[in-house]
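The values are calculated or read from the model by the stated rules, or taken from the named source; none is laboratory data. It should be emphasised that the depicted structure is a prediction, and the values quoted were computed from it without experimental measurement. Heads up, the Cβs are rebuilt from the backbone with ideal geometry, glycines too, and the neighbour counts pull from every protein chain shown.
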Amino acid sequence: MFKNIIILCLLLIFSYESKAQCQPEGGLDCAKLELIQTTSPNVDFIFDDFRKYVTGLTYSGSTVLRVIADSLDGNPNCQWKLMMVMENDFSGEWEPLVAYGSSHSIPTLDLLQVKVYNSCGTPIVNNTFQQFEDIDDFVLAIIPSDAPMYPNCDGNSVNTVGSYLTNYQEFSFTIDYRIKPGFAYRPGAYQLKIKFCLVEVN
């Protein structure tokens, strides 16, 4: 018996930067902002059987981010934001590497779902899957700039001075990824680039 297997391969590529590389809002109160990614910079979603197309693939704990934020001369005003920024060409589609045929459409960016969490519940949307849907900027906030007193385990601010070295539960973030494509998309290999930005804010 002959069986055709159509493969859809979606590749996530991650990078992380801090301060000036991610369009900072300003501020001179933080002496050091460091974002450490301790996991692989790539995640491959390979859909090579019908079950995966229908039920999707979920990768738990694929990205772990750790934050260090030190103030300048003990300044209490050191505040920051942590964002996920999509670096594709804002066409609303994944970047094609290899596409087979011309039927069906190229996978769209809203296929990707992300869930950010830690044990203190400090992300602005904690432990809930979200999508990149805004075609204008394709940004998801983990810790936003407009939450200067976002609560954490001890009731203080998580987006101020602190470190995962001394307060791991509040200054570490785990990210899951989920894709459920169905059969609407053109087989092939596609990639999506996401940058994690740690930026000082006013």
query: What single numbered condition from (1) exposed (fewer than 14 other Cβ atoms within 10 Å of the Cβ); (2) more than 25 Å from L33 (Cα to Cα) fails to hold for S119?
result: (2)
- line: S91 meets each of (1) under 20 Å from P144 (Cβ atoms); (2) small (G, A, S); (3) without any contact (Cβ under 8 Å) to a residue 24 or more places away in the chain with one exception, condition (1)
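Could you check, for the stretch 92-103, whether at least one of its residues is under 25 Å from Q37 (Cα atoms), modelled with pLDDT under 90, buried (at least 16 other Cβ atoms within 10 Å of the Cβ) and over 13 Å from the mean Cα position of the chain (by Cα)?
Among the residues of the stretch 92-103, at least one is under 25 Å from Q37 (Cα atoms), modelled with pLDDT under 90, buried (at least 16 other Cβ atoms within 10 Å of the Cβ) and over 13 Å from the mean Cα position of the chain (by Cα), which makes the answer yes.
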task: Identify the single condition in (1) surrounded by 14 or more Cβ atoms within 10 Å (Cβ to Cβ); (2) hydrophobic (A, V, I, L, M, F, W, C); (3) at pLDDT 85 or above that F132 does not satisfy, given that it satisfies every other one.
output: (3)
- prompt: Within the set of pairs 6 or more residues apart or between chains, which connect a residue that is within 21 Å of F47 (Cβ to Cβ) inside the stretch 166-189 to a residue that is crowded, with 20+ Cβ neighbours inside 10 Å and of a type in the set (F, W, Y) with Cβ atoms less than 7 Å apart?
  reply: I179/F45; P181/F47
message: Any residue at all in the stretch 49-56 that's of a type in the set (A, V, I, L, M), assigned to a helix (DSSP H, G or I) and within 15 Å of the chain's Cα centre (by Cα)?
response: no
field: Candidates K81, K3, K19, filtered to the one that is at pLDDT 85 or above and either under 29 Å from T128 (Cβ atoms) or of a type in the set (K, R) (or both)
entry: K81
